[in-house]
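Below is one structure, written out as structure tokens, with a few remarks after it.
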Amino acid sequence: MSLNRPEKHNGLDMQMFQELIATAKTIRKDKSIRAVIIDGQGPSFCAGLDFEAVSKTPTMIPKFFIKLPWGKDNTFQRVAHIWRDLPVPVIAAVHGNCFGGGMQIILACDYRIATPDANLSILEMKWGLIPDMSAMATLSRLTRVDIAQELTMTGRFFSGLEGAEYGLISKVSNDPMADAQALAQDIVQKSPDAIAATKYLFKKTWKKDTRGALLWERITQLRLLGRKNQRIAMKNGLSKGKAPQPFQDRTSFK
């Protein structure tokens with residue numbers, strides 16, 4: 001999946017918000033999809049919110065900021081956090097500029113592969129704002145609080161190499177897309193149920209107390225044992241020299 005406003009460095013406007021969320025919903029429903037790669041067309045991954053476009057649609061801010069009573073997030077938060085909620089791994093292949101909203105989108109991905117010279121920033125401070133597109137739910141999983149605060153308070157730019165040192169970038173690569181495709185290809189060879197369960201389990205247990213983490217291990221494992229894809233994985237693991245049996249479409253984990 002590609003962000004495709006290259007002439008605007010893939011700046012986020014109303015249409016991009018709506019299309020990103022709609023795409024994620026489509027992916028969730030399509031159980032044949034095993035992994036997702038997000039990249040950006042043109043010179044940048046995503047330069048953040050397109051303030052010029054927003055100024056032409058003044059209703060966008062209040063409309064997207066309001067949270068419906070039955071929901072957990074508003075539209076600004078959902079466009080990023082929805083990738084963390086998908087039952088398949090999401091890999092961001094990052095190059096060029098990745099600022100503000102673009103940065104918060106990749107923070108909600110499962111893996112972030114970036115060029116060494118990628119230009120990154122939690123840029124909201126420049127506009128007198130805080131990051132409000134789910135960064136508070138994702139930064140804490142990836143880096144220390146002092147690093148998160150310093151990058152947020154200064155809004156300074158940092159490279160892909162620095163991002164890897166901070167824990168915000170998973171891997172530095174001269175060809176992020178090639179490495180993202182290789183990782184995706186490795187993952188899709190595994191049981192899609194076990195992959196979905198792994199993402200679900202880490203989301204439920206990361207930084208949770210030991211008792212709670214062990215409980216979720218048991219619950220999640222019980223949902224896998226004896227399922228068709230688990231039986232296929234067992235047969236493939238025990239077969240010697242035979243072609244592996246293909247897996248069936250994944251089971252949803254929420």
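A compact table of results
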quantity	calculated
Per-residue [θ]222 nm for the chain (sum of -39500 (n - 2.57) over DSSP H runs n ≥ 4, rounded to 500)	-14500 deg cm²/dmol
5 angstrom amide H check on ILE169, placed H, neighbours 5+ away	ALA164
Candidate aspartates and glutamates for bridging to LYS203, where Cα separation is under 17 Å - those fewer than 8 sequence places away on the same chain excluded	ASP73, ASP85, ASP110, ASP193, GLU217
Furthest towards positive pole of dipole, THR57, VAL88, SER121, structure part the chain, Cβ charges	VAL88
In degrees, nearest ten, helix 145-154 long axis to first principal axis of the chain (Cα)	30 degrees
Point-to-point label distance, MET136-GLN189, nm (Cα→Cβ direction, 7 Å offset)	4.3 nm
Counting all C-alpha pairs of the range 2-186, share separated by more than 27 Å (%)	21 percent
Set LYS126/LYS199; LYS171/LYS204; LYS25/LYS204; LYS56/LYS199 screened for pairs whose C-alpha atoms are more than 27 Å apart	LYS126/LYS199; LYS56/LYS199
Gain on full stretching of the segment that runs from TRP70 to LYS31 - 0.36 nm per residue minus C-alpha separation	11.5 nm
Relative packing of peptides 48-58, 157-167 - highest average C-beta neighbours within 10 Å first	157-167, 48-58
Three semi-axes of the equivalent ellipsoid, the range 191-238, Cα gyration tensor, whole Å, largest first	23, 10, 8
Cα gyration tensor category, rounded, prolate or oblate, for the range 125-220 with a/c compared to 1.5	oblate
Peptide ranges 174-185, 5-16, 105-116, 238-249 listed from the most packed, as the mean C-beta count within 10 angstrom indicates	105-116, 5-16, 174-185, 238-249
Distant-in-sequence amide H partners of LEU3 (H built 1.01 Å from N, under 5 Å)	ASP39, GLY40, GLN41
Estimated FRET transfer efficiency (LEU161, SER2; beta-carbon r; R0 25 Å; 0.05)	0.55
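Read-outs: derived from the displayed coordinates by stated rules, not from any lab. As the structure is a computational prediction, the values presented were derived from the model and not from experiment. Methodologically, a virtual Cβ is constructed for each residue, glycine included, from the backbone with ideal geometry; neighbour enumeration extends over all protein chains shown.
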